[in-house]
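Following: one structure in structure tokens, then a few remarks.
The values are calculated or read from the model by the stated rules, or taken from the named source; none is laboratory data. Bear in mind that the values here come from a model prediction, so they are computed numbers and not experimental data. Note that each Cβ is placed from the backbone with ideal geometry, even for glycine, and that neighbours are counted across all protein chains shown.
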Amino acid sequence: MAGGTLDCWPLHLFVGDCVTVNLAINVMTGCELDFHAAPNIEIEIRDLNYKKNFADITSLLRCPDKELLLAQKILEYFVPKEGFVLTTFSQSPVGGGLGGSSSLCISLIKAFNKSNGRSMSTHEMVELAHNLEAKVIKSPTGTQDYFSAILRGLNIIHYKADGIKVEPVPYIPDIFSNNMILIYTGKSHHSGINNWQVIKSVIDGDERTISALKEIAQISAEMAIVCRQQAWDKLPELFRSEFDSRIKLTTSFSSPEIEKLRKIVMQEGAQAVKICGAGGGGCVFVWADPSRHEGITETCQKSGFQVIKMQPVKANQPF
């Protein structure tokens, strides 16, 4: 909801103590893992329509298919001794900015931990996941999406020099399900590219980028206060302010598809548009009075955009 990019080390160290605000939704990922005595391995990635058999783990790790990158990094870490059948799925569009790859990474870590009787704390899983995913995208990654996948609910995540702390916030799900529309622009994004551009600019001392990052940190701090106070009527103004600050951070945050969508929904009476993830494409959510939802949804679909059904997921709520 706010503060994305600040969760990429070492950016939060340049702006002082800061927070991100993250809401879990029921756009799901998951996996099934079944071991057997023989060394052969079967991998199925349903959302990518990918299925392949391998004689053993060595042949799997040597396979150049890009669809296998995340699974390969997971397997390099766990090094299973037996063969297995692994099936994964993700309901998030590829490059949707919903943290789908991060969520799937957590799903895989949980599955392999369970198979070998290993237990990890939340912070241990987050540390492992963001390091493995950095290997996949060959770029620094943030960490807030992993917390959402593990803990669910609405969380204020504090980033300080001495570590990360999570503050769960109670809320009524109807506030979000009644006002929020999730829309896929049809163009995927690459979070690693946008994040690296920002990190490089900050380290190079670019004053415009640093100033924009500080604005985002301030908006995120205000968002945290709004969530604690449940002053939900203040959300649209903060979403609009964050949009403006993110454009200053990197011009690639928006895209022609996002600008077209933004124009359409604002004409239909939306109050604000929030770009998900690192931007450049992917999903946005639209904040609007419930009376405007039907018109916004119909107009977006006629314009070629995909409306994704979603509901917020509270902490400890079964998926």
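Given the condition touching a Pro at 6+ places or on another chain (Cβ under 8 Å) and within 18 Å of Glu44 (Cβ to Cβ), answer yes or no: does some residue in segment 64-71 qualify?
If we filter segment 64-71 for residues that are touching a Pro at 6+ places or on another chain (Cβ under 8 Å), which is where we start, we get none.
For segment 64-71, residues touching a Pro at 6+ places or on another chain (Cβ under 8 Å) and within 18 Å of Glu44 (Cβ to Cβ): absent.
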Can you run down the residue pairs with Cβ atoms below 6 Å, 6 or more apart or on separate chains, where the first is in segment 144-157 and closer than 15 Å to Thr5 by Cβ and touching a residue at least 24 places away in the same chain (Cβ under 8 Å) and the partner is surrounded by 24 or more Cβ atoms within 10 Å (Cβ to Cβ) and among the aromatic types (Phe, Trp, Tyr)?
Ile157/Phe147
Please specify each residue of segment 115-139 satisfying the condition of being in contact (Cβ under 8 Å) with a residue 24 or more places away in the chain, more than 20 Å from Asp162 (Cα to Cα) and not hydrophobic (A, V, I, L, M, F, W, C).
Ser115, Asn116, Glu133, Lys135, Lys138, Ser139
Members of segment 246-260 found to be among the β-branched types (Val, Ile, Thr), part of a helix (DSSP H, G or I) and surrounded by 15 or more Cβ atoms within 10 Å (Cβ to Cβ), listed by number
Ile247, Ile258
Please enumerate the residues belonging to segment 41-53 that are touching a strand residue (DSSP E or B) at 6+ places or on another chain (Cβ under 7 Å) and assigned to a helix (DSSP H, G or I).
Arg46, Asp47
Pairs needed: first member in segment 247-264, closer than 22 Å to Gly304 by Cβ; second member anywhere, of a type in the set (Lys, Arg) and at pLDDT below 80; C-beta distance under 8 Å; at least 6 residues apart or different chains.
Ser255/Lys187; Glu257/Lys187
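Could you grab me the full set of residues in segment 249-279 that are small (Gly, Ala, Ser) and farther than 19 Å from Glu215 by Cβ? Give the derivation first.
Taking segment 249-279 as the starting set, the residues that turn out to be small (Gly, Ala, Ser) are 252, 254-255, 269-270, 272, 277-279.
Of everything in segment 249-279, those that are small (Gly, Ala, Ser) and farther than 19 Å from Glu215 by Cβ turn out to be Ser255, Gly269, Ala270.
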If I ask for residues that are buried (at least 20 other Cβ atoms within 10 Å of the Cβ) and assigned to a helix (DSSP H, G or I), which ones from segment 74-101 would you list?
Ile74, Leu75, Gly100, Ser101
Given the structure, is Ala38 among the small types (Gly, Ala, Ser) and either in a strand (DSSP E or B) or at pLDDT 95 or above (or both)?
no
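What are the residues in segment 63-73 that are part of a helix (DSSP H, G or I), in contact with a strand residue (DSSP E or B) (Cβ under 9 Å, 6 or more places away or on another chain) and not acidic (Asp, Glu), if any? Explain how you work it out, then say what you get.
First pass over segment 63-73, keeping only residues part of a helix (DSSP H, G or I): 66-73.
With the extra rule that they be in contact with a strand residue (DSSP E or B) (Cβ under 9 Å, 6 or more places away or on another chain), the set shrinks to 67-68, 70-71.
Across segment 63-73, the qualifying residues are Leu68, Leu70, Ala71.
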Answer residue from segment 210-245, given it is of a type in the set (S, T, N, Q) and over 19 Å from the mean Cα position of the chain (by Cα) and is surrounded by the most Cβ atoms within 10 Å (Cβ to Cβ) among those
Ser245
Residue by residue through segment 157-172, note down the ones that are touching a Ser or Thr at 6+ places or on another chain (Cβ under 8 Å) and over 18 Å from Glu127 (Cα atoms).
none
So how many residues does segment 122-149 have that are surrounded by fewer than 21 Cβ atoms within 10 Å (Cβ to Cβ) and either modelled with pLDDT of 95 or more or part of a helix (DSSP H, G or I) (or both)?
12
Quick one: Ser188 ticks every box in (1) modelled with pLDDT of 95 or more; (2) under 14 Å from the mean Cα position of the chain (by Cα); (3) surrounded by fewer than 18 Cβ atoms within 10 Å (Cβ to Cβ) bar one, so which box is it?
(1)
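Looking only at segment 209-262, how many residues end up being of a type outside the set (Ser, Thr, Tyr) and in contact with a Cys (Cβ under 8 Å, 6 or more places away or on another chain)?
First, the residues of segment 209-262 that are of a type outside the set (Ser, Thr, Tyr): 210, 212-219, 221-240, 242-244, 246-249, 253, 256-262.
Remaining after also requiring in contact with a Cys (Cβ under 8 Å, 6 or more places away or on another chain): 217, 221, 261.
Adding up the residues that qualify gives 3.
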Is there any pair with a first residue in segment 163-175 that is without any contact (Cβ under 8 Å) to a residue 60 or more places away in the chain and a second that is of a type in the set (Phe, Trp, Tyr) and part of a helix (DSSP H, G or I) whose Cβ atoms are under 6 Å apart and which are 6 or more apart or on different chains, and what are they?
Val166/Phe147; Ile175/Trp232
Search segment 1-56 for residues being farther than 30 Å from Val198 by Cβ and in contact with a Gly (Cβ under 8 Å, 6 or more places away or on another chain), and hand back the single one that is surrounded by the most Cβ atoms within 10 Å (Cβ to Cβ).
Ile41
Looking at (1) modelled with pLDDT under 95; (2) within 16 Å of Leu104 (Cβ to Cβ); (3) not charged (D, E, K, R), which is the only condition Pro80 fails?
(2)
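Scan Phe54, Phe84, Phe89 and give me the residue that is over 30 Å from Met1 (Cβ atoms) and touching a residue at least 24 places away in the same chain (Cβ under 8 Å). Reasoning before the result, please.
Working: Phe54 fails: touching a residue at least 24 places away in the same chain (Cβ under 8 Å); Phe89 fails: over 30 Å from Met1 (Cβ atoms).
Going through Phe54, Phe84, Phe89 in turn, the sole match is Phe84.
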